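**Student:** Starting off with a structure, shown below.
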Amino acid sequence: MKPNTVGRVGGKDRHAGQFSHYAALDTGLVQGALILTLDGEMPVEFLSVGDKLITRDSGIAKIKHLQRSTRKVRRIALAAGSLGHTRPERDATLAGDQMVLIRDWRARALFHTERALVAARTLVDGEFITDLGEVETTLVQIFCDGPHILYADGLELGTADAARARGTVLHAA
């Protein structure tokens with residue numbers, strides 16, 4: 001996976017570090033997701049506070065807080081290549097409210113913009129991207145110094161606080 005960087009999703013975030021608001025959303029990376037770190041790809045469940053992640057919007061971000069929870073969440077399955085040639089690189093499963101960056105014809109066709117940060121559940125097409133219903137799932141929510149776009153399983157995904165940045169247009173650097 002070759003990371004590309006663009007301008008920052010949001011500015012200074014006075015709410016960074018206040019995490020309880022996001023627990024109600026079905027956000028977070030599903031256990032087993034491979035996330036791109038400075039040390040290479042690593043399963044999300046092995047991440048620790050202080051680890052450095054490669055991000056699309058700022059290059060590198062340090063993990064400030066991790067929140068793990070096991071609960072019933074809506075799960076969305078994405079077939080390999082369903083969002084482009086290598087996106088995702090392999091079959092992937094996401095939480096329904098997990099924010100996904102799309103930046104191709106899909107963004108133009110569905111959201112009338114060049115790029116869109118949208119919940120995975122909005123991409124369900126019933127064929128390549130399917131709704132698996134509510135499933136008991138272990139999620140890992142990642143919080144850095146603000147919302148970031150991370151690389152996981154060949155997808156560009158928002159950190160847990162990226163839900164607040166929904167609809168924000170990313171600007172090329």
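**Student:** Determine if the stretch 99-106 includes at least one residue that is at pLDDT 90 or above and either β-branched (V, I, T) or in contact with a Phe, Trp or Tyr (Cβ under 9 Å, 6 or more places away or on another chain) (or both).
**Tutor:** Yes: the stretch 99-106 contains one or more residues that are at pLDDT 90 or above and either β-branched (V, I, T) or in contact with a Phe, Trp or Tyr (Cβ under 9 Å, 6 or more places away or on another chain) (or both).
**Student:** Mind checking which residues of the stretch 107-133 are in contact with a helix residue (DSSP H, G or I) (Cβ under 9 Å, 6 or more places away or on another chain) and either of a type in the set (S, T, Y) or modelled with pLDDT of 95 or more (or both)?
**Tutor:** T113, T122, I129, D131
**Student:** Just give me the residues in the stretch 115-166 being touching a Phe, Trp or Tyr at 6+ places or on another chain (Cβ under 8 Å) and of a type outside the set (A, V, I, L, M, F, W, C), in sequence order.
**Tutor:** Q141, T159, D161
**Student:** Tell me, yes or no, whether the stretch 12-20 has at least one residue that is touching a Pro at 6+ places or on another chain (Cβ under 9 Å), at pLDDT below 95, surrounded by 13 or more Cβ atoms within 10 Å (Cβ to Cβ) and within 14 Å of H148 (Cβ to Cβ).
**Tutor:** yes
**Student:** Counting only residues that are among the charged types (D, E, K, R) and touching a strand residue (DSSP E or B) at 6+ places or on another chain (Cβ under 8 Å), which one in the stretch 79-102 is nearest to G154 (Cα to Cα)?
**Tutor:** Here the residue is R87.
**Student:** In addition: Filter the stretch 103-119 down to the residues that are open to solvent by less than 60 Å² (accessible area, probe 1.4 Å) and more than 17 Å from T159 (Cβ to Cβ), then identify the one that is farthest from the chain's Cα centre (by Cα).
**Tutor:** Among residues in the stretch 103-119 that are open to solvent by less than 60 Å² (accessible area, probe 1.4 Å) and more than 17 Å from T159 (Cβ to Cβ), the one farthest from the chain's Cα centre (by Cα) is T113.
**Student:** Would it be correct to say that D131 is charged (D, E, K, R), under 13 Å from A162 (Cβ atoms) and open to solvent by 10 Å² or more (accessible area, probe 1.4 Å)?
**Tutor:** No, not satisfied.
**Student:** Filtering the stretch 74-89 down to residues that are at pLDDT below 95 and among the hydrophobic types (A, V, I, L, M, F, W, C), which residue is nearest to A33 (Cα to Cα)?
**Tutor:** A80
**Student:** I'd like to check something: does the stretch 120-127 contain any residue that is of a type in the set (K, R), open to solvent by 10 Å² or more (accessible area, probe 1.4 Å) and touching a residue at least 40 places away in the same chain (Cβ under 8 Å)?
**Tutor:** yes
**Student:** Pairs needed: first member in the stretch 53-82, more than 17 Å from E127 (Cβ to Cβ); second member anywhere, among the basic types (K, R); C-beta distance under 6 Å; at least 6 residues apart or different chains.
**Tutor:** Between residues of the stretch 53-82 that are more than 17 Å from E127 (Cβ to Cβ) and residues that are among the basic types (K, R), the close pairs are D57/R8; S58/R8; I60/K52; K62/K52.
The values are calculated or read from the model by the stated rules, or taken from the named source; none is laboratory data. Since we're looking at a predicted model, the values are computed, not measured. Note that each Cβ is placed from the backbone with ideal geometry, even for glycine, and that neighbours are counted across all protein chains shown. Note: accessible area is taken over every heavy atom of the protein model, side chains too, but ligands, DNA and RNA are not part of it. Shrake-Rupley method; radii C 1.70, N 1.55, O 1.52, S 1.80 Å.
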